[in-house]
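The values are calculated or read from the model by the stated rules, or taken from the named source; none is laboratory data. Everything numeric here is computed off the predicted structure, so don't read it as measured data. All Cβ positions, glycine included, derive from the backbone under ideal geometry; neighbour counts span all protein chains shown.
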Amino acid sequence: MTSGRPKPPAVVITGIGMVTPAGPDTDTAWKTTCAGQPAGAIDPRLAGVPVDFSCPVTAFDADELFGVEGRRMDPFTQYALAAAREAYADAQLAGADVDPSRVGVLLGTGVAGLGTWQEQGERMHTRGARAVSPLTIPKAIGNIAAATVSMEFGLHGPSLSMATACATGTSALGLALDQLRAGRCDMVLAGGTEAAISPLVSIAFDRLKALSRRSDAPALASRPFDERRDGFVLGEGAAVLVLERAAHARARGRSAYAKVLGYGESSDSYHLTAPRPDGQGAQLALQKALDDAQVHPSDVTLVNAHATSTPQGDAIEARVIERLFGHNTAVTSTKGVTGHMLGAAGAVEAAFTALSIKQGVIPPTANFQAPGADIPEIDIVHGAPRHTPVSVAVSNSFGFGGHNAVIVLGSAGT
């Protein structure tokens, strides 16, 4: 579908870095997700609380990666920096002829350094004011992951952080797209990061009746769209993607995973935690993204759904997908493997979507066996990865407060 307006400058993804429950790097995470191996497990950090399991990041050694400097970082910054290093290397930026004043960093987070606040609060109450670390503020504030990445690589473009709850990672990619189209940057490192697995967070989400209670089988607990879904599973980690204008990538001889075709966002303006029952806010964001990309719903090969494994949210999203795309567009949710990574989820899922386009593989929706009675007849990929060309894909993200964000990606050859 085309419109009367000129197309904006093309933007591509040239680097990907991830730290996820599916693996501490992109290659491992992709293989685990394509294999449909769920990461849910009993979590010692949650011992003694009603929901004592999560999808944790494992095989991540901050001391080995960062040395003593790692002690100055909350885990949400550690995850972000590790993912950024991988993305930076993947895009072959080390030693590249790039103007650092034209490279931005846009990294969002949902709750930032919650663990640091908790730890220091306990110190204050048990040991007094002098026990509180002078690094508390610079470890915990939400912008510090973006700032740390900028300092790591000596970048002088815009360094920004945003928070749109569980839509944060996708919001960061949308803002990066705007920066590149407007000519304010040549490149942007964009994504999301989260390290919010703690007794307080688990209890708080459980009090909202948002979490799965399947402690007897945590690996089977995150089951998007499935008839036995009963809530999401807490995840953690980060993803950073290198976005750059296509002409800039060509000039430095870099190939791309995918094009960033468009972005759309909207607000439900409905409820603190619940999505609009009619899904109109989510549908508006999807339609805006498709219009921005100048593609028709029939052009879309894949929907990487937000689907978190909650009864209400999955059903509403499935109905929106059916209304816009019908019954034949492939649908997957990688949260069956990773759980819900909150502010990092959208960036991780956009990375998986770009890999689907590049490799022609759609990961299965882990733990999905049969759709709930409230799930319409849509083509949910499950059981095994589907090997098929993916020309245009959308990745959905929806957050508490009614934040809706959608990114549209396409083949680098389109």
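Scanning the stretch 128-140 for residues that are in a helix (DSSP H, G or I) and either in contact (Cβ under 8 Å) with a residue 60 or more places away in the chain or in contact with a Pro (Cβ under 8 Å, 6 or more places away or on another chain) (or both) turns up P138, K139, A140. Going by the structure shown, is E152 farther than 23 Å from G399 by Cα, of a type in the set (D, E), in contact (Cβ under 8 Å) with a residue 24 or more places away in the chain and outside any loop (DSSP other than H, G, I, E, B)? In short, yes. Among the residues of the stretch 200-227, how many are of a type outside the set (S, T, N, Q), in contact (Cβ under 8 Å) with a residue 40 or more places away in the chain, part of a helix (DSSP H, G or I) and more than 22 Å from A305 (Cα to Cα)? Number satisfying all stated conditions: 4.
Can you tell me how many residues within the stretch 354-402 are within 27 Å of Y257 (Cα to Cα) and not in a loop (DSSP other than H, G, I, E, B)? Residues meeting the conditions: 20. Restricting attention to the stretch 9-45, the residues that are modelled with pLDDT of 95 or more, under 30 Å from R184 (Cβ atoms) and not hydroxyl-bearing (S, T, Y) add up to 9. For the criterion of being touching an Asp or Glu at 6+ places or on another chain (Cβ under 8 Å), crowded, with 21+ Cβ neighbours inside 10 Å and part of a helix (DSSP H, G or I), A405 fails. Taken together, the residues in the stretch 63-94 that are among the hydrophobic types (A, V, I, L, M, F, W, C), assigned to a helix (DSSP H, G or I) and more than 28 Å from A129 (Cα to Cα) amount to 9. Confirm whether V201 is at pLDDT 95 or above and in contact with a Gly (Cβ under 8 Å, 6 or more places away or on another chain). For V201, the condition - at pLDDT 95 or above and in contact with a Gly (Cβ under 8 Å, 6 or more places away or on another chain) - is not met. Residues in the stretch 366-381 that are over 25 Å from H296 (Cα atoms) and either in contact with a strand residue (DSSP E or B) (Cβ under 8 Å, 6 or more places away or on another chain) or surrounded by 24 or more Cβ atoms within 10 Å (Cβ to Cβ) (or both): A366, N367, F368, Q369, A370, P371, G372. Looking at this structure, is L189 crowded, with 24+ Cβ neighbours inside 10 Å and either assigned to a helix (DSSP H, G or I) or not aromatic (F, W, Y) (or both)? Considered against the rule, which asks whether it is crowded, with 24+ Cβ neighbours inside 10 Å and either assigned to a helix (DSSP H, G or I) or not aromatic (F, W, Y) (or both), L189 comes out as yes. Checked against (1) closer than 19 Å to A172 by Cα; (2) without any contact (Cβ under 8 Å) to a residue 24 or more places away in the chain, A282 passes all but condition (2). Residues considered: A315, A330, A345, A307. Of these, the only one that is touching a Leu at 6+ places or on another chain (Cβ under 8 Å), aliphatic (A, V, I, L, M) and touching a residue at least 40 places away in the same chain (Cβ under 8 Å) is A330. Across the stretch 95-127, the qualifying residues are those that are among the aliphatic types (A, V, I, L, M) and not in a helix (DSSP H, G or I), and the one among them that is modelled with the lowest pLDDT is A96. Each residue in the stretch 90-112 was checked for being crowded, with 18+ Cβ neighbours inside 10 Å and either touching a Pro at 6+ places or on another chain (Cβ under 6 Å) or without any contact (Cβ under 8 Å) to a residue 60 or more places away in the chain (or both), and 2 of them qualify. Every listed requirement among (1) in contact with a Pro (Cβ under 9 Å, 6 or more places away or on another chain); (2) closer than 13 Å to G108 by Cα is met by F153 save one, (2). Could you tell me whether the stretch 64-74 includes any residue that is surrounded by 17 or more Cβ atoms within 10 Å (Cβ to Cβ), under 19 Å from M187 (Cα atoms) and touching a Leu at 6+ places or on another chain (Cβ under 8 Å)? No: the stretch 64-74 contains no residue that is surrounded by 17 or more Cβ atoms within 10 Å (Cβ to Cβ), under 19 Å from M187 (Cα atoms) and touching a Leu at 6+ places or on another chain (Cβ under 8 Å).
For the stretch 155-164, the count of residues that are in a helix (DSSP H, G or I), of a type outside the set (G, A, S) and buried (at least 24 other Cβ atoms within 10 Å of the Cβ) is zero. Every condition in (1) on the phi < 0 side of the Ramachandran plot; (2) in contact with a Phe, Trp or Tyr (Cβ under 7 Å, 6 or more places away or on another chain); (3) of a type in the set (A, V, I, L, M) holds for A112 except the one numbered (1).
Of the residues in the stretch 40-62, none is acidic (D, E) and assigned to a helix (DSSP H, G or I).
Considered as a group, the residues in the stretch 107-157 that are touching a Leu at 6+ places or on another chain (Cβ under 8 Å) and among the aliphatic types (A, V, I, L, M) include one that is farthest from A96 (Cα to Cα), and that residue is L114.
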